[in-house]
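S.K.: My questions will all concern the structure given below.
The values are calculated or read from the model by the stated rules, or taken from the named source; none is laboratory data. If you're wondering where the values come from, they're calculated on a predicted model, not measured in any experiment. We place every Cβ from the backbone using ideal geometry, glycine too, and count neighbours over all the protein chains shown. Note: accessible area is taken over every heavy atom of the protein model, side chains too, but ligands, DNA and RNA are not part of it. Shrake-Rupley method; radii C 1.70, N 1.55, O 1.52, S 1.80 Å.
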Amino acid sequence: GENVEQHPSTLSVQEGDSAVIKCTYSDSASNYFPWYKQELGKRPQLIIDIRSNVGEKKDQRIAVTLNKTAKHFSLHITETQPEDSAVYFCAASREYGNKLVFGAGTILRVKS
Amino acid sequence: GAGVSQSPSNKVTEKGKDVELRCDPISGHTALYWYRQSLGQGLEFLIYFQGNSAPDKSGLPSDRFSAERTGGSVSTLTIQRTQQEDSAVYLCASSLVEDTEAFFGQGTRLTVV
């Protein structure tokens, strides 16, 4: 089955700096890769996702890149703000008929 | 409904008792997932439904755990003879199909004393 590894487990950055979180996956058939943000005490919420037919997707300060050959994808947050502080989870799934498998999460702390 | 609803939001139970956790997915969502999140930990997959069938039960920790889904909608997760290590937040999510956005409920915080 699919296995998703996520690094780093914790990340501290200064406000205004960039943050990068990386994930690798094992199932070459996976082709949907969402990223979720979970603030303390709240439910995970989707912030961006990418499918395998594209290599990069951007939404304002957030971007995701995908390298299918190497089976890894990354989340990039630019101009970080204190409200970006949260736990971020990557996930992977096959198209149709399989579950979302999550990485272990990254605690991001943005220091002001 | 407007979102995924889970009940109860909090449950305290004595060791050895059975508990039932309920999930009401977003109307029309065919895929439904149960995850477990221990304090400060990641999302541990438990079981996934496509309609009323469960193609993947591989994450259920033991035979004390079971889940069902009826009418392609509501799902219940049952834990029999609860143990202290079952204490966690149990999250339910639903999506239109497997590879579209999964919307999470607020979770049920289970405490076994």
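S.K.: With viscosity set to 0.890 mPa s at 25 °C, what whole-number translational diffusion coefficient in µm²/s follows for the stretch A:67-112 from Stokes-Einstein and a Kirkwood radius over Cα pairs?
M.R.: Numbers: Rh = 12.8 Å.
Taking Rh from Cα pairs, D becomes 192 µm²/s.
S.K.: Separate question: Measuring with a 1.4 Å probe in the full set of protein chains, what accessible area per residue, in whole Å², belongs to the stretch A:46-94?
M.R.: Values: 2410 Å² over 49 residues.
That works out to 49 Å² per residue.
S.K.: Can you tally the net charge around B:GLN83? Count Lys and Arg as +1, Asp and Glu as -1, for every other residue whose Cβ sits under 14 Å from the Cβ of B:GLN83.
M.R.: Numbers: positive: B:LYS15, B:LYS17, B:ARG36, B:ARG64, B:ARG81; negative: B:GLU14, B:ASP18, B:ASP63, B:GLU85, B:ASP86.
Counting the neighbours of B:GLN83, the net charge comes to 0.
S.K.: With every protein chain kept in place and ligands, DNA and RNA left out, what is the accessible area per residue of the stretch B:44-112? Probe 1.4 Å, answer in Å². Could you put the intermediate results ahead of the total?
M.R.: Working: 2710 Å² over 69 residues.
Heavy-atom SASA per residue in the stretch B:44-112 reads 39 Å².
S.K.: Counting other Cβ atoms within 10 Å, keep those with at most 16, restrict to DSSP loop, and tell me which GluC sites (Glu not before Pro) in the stretch B:1-71 are left.
M.R.: On the way: sites: B:GLU14, B:GLU20, B:GLU44, B:GLU68; in loops: B:GLU14.
Loop-located and lightly packed - B:GLU14.
S.K.: Moving on to the next point. State, in square angstrom and to the nearest 100, the accessible area buried between chains A and B, both chains counted, probe radius 1.4 Å.
M.R.: On the way: alone 6470 and 5870 Å², together 10690 Å².
In total, this chain pair buries about 1700 Å².
S.K.: Okay, next question. With unit charges on the beta carbon (Lys/Arg positive, Asp/Glu negative), name the residue among A:ALA92, B:CYS23, B:SER95 whose Cα is farthest towards the positive pole of the charge dipole of the protein assembly as shown.
M.R.: B:CYS23
S.K.: List, by residue number, every residue in the stretch B:20-46 with a reduction of 20 Å² or greater in accessible area between the chain on its own and the complete protein assembly, 1.4 Å probe.
M.R.: B:TYR33, B:TYR35, B:GLN37, B:GLY42, B:LEU43, B:PHE45
S.K.: Share of chain A's accessible area from carbon and sulfur, percent, 1.4 Å? Don't skip to the answer; put the middle values down first.
M.R.: Values: 2520 of 5650 Å².
It is 45 percent, rounded to a whole number.
S.K.: Could you calculate the FRET efficiency of B:ARG22 with A:ASN67 from 1/(1 + (r/R0)^6), where r is the beta carbon distance between them and R0 is 45 Å, rounded to 0.05? Kindly include the intermediate steps, with their values, before the conclusion.
M.R.: Working: r = 41 Å, r/R0 = 0.90.
After rounding, the FRET efficiency stands at 0.65.
S.K.: Over 5 Å intervals from 0, what percent of Cα-Cα pairs in chain B sits in each interval?
M.R.: Per 5 Å bin, starting at 0, the Cα pair percentages come out as 2, 13, 24, 27, 19, 10, 4, 1.
S.K.: Simple spin-label model, 7 Å along Cα-to-Cβ: B:GLN84 to A:SER18 in nm?
M.R.: So the label points at B:GLN84 and A:SER18 sit 4.7 nm apart.
S.K.: To check my understanding: the extent here is largest minus smallest coordinate of the Cα atoms along each principal axis. What are those three numbers for the stretch A:27-112, in Å, largest first?
M.R.: So the extents along the principal axes, rounded to whole Å, are 41, 25, 18.
S.K.: Roughly how many Å is it from the Cα centre of the stretch B:26-61 to that of the stretch A:50-82, as a whole number?
M.R.: When both Cα centres are located, 25 Å separates them.
S.K.: Which lysines have a Cα less than 29 Å from the Cα of B:LYS57, not counting those fewer than 8 places away in the same chain?
M.R.: A:LYS22, A:LYS37, A:LYS42, A:LYS68, A:LYS71, A:LYS99, B:LYS11, B:LYS15, B:LYS17
S.K.: So, one more: Carbon-plus-sulfur fraction of the accessible area of chain B, 1.4 Å probe, in percent?
M.R.: Numbers: 2370 of 5050 Å².
Carbon and sulfur together cover 47 percent of it.
S.K.: What does the charge add up to near A:GLU15, with Lys and Arg as +1, Asp and Glu as -1, over the other residues with Cβ less than 15 Å from its Cβ? Mind dumping the intermediate values first?
M.R.: Values: positive: A:ARG61, A:ARG109, A:LYS111; negative: A:ASP17, A:GLU79, A:GLU83, A:ASP84.
Summing Lys and Arg as +1 and Asp and Glu as -1 gives -1.
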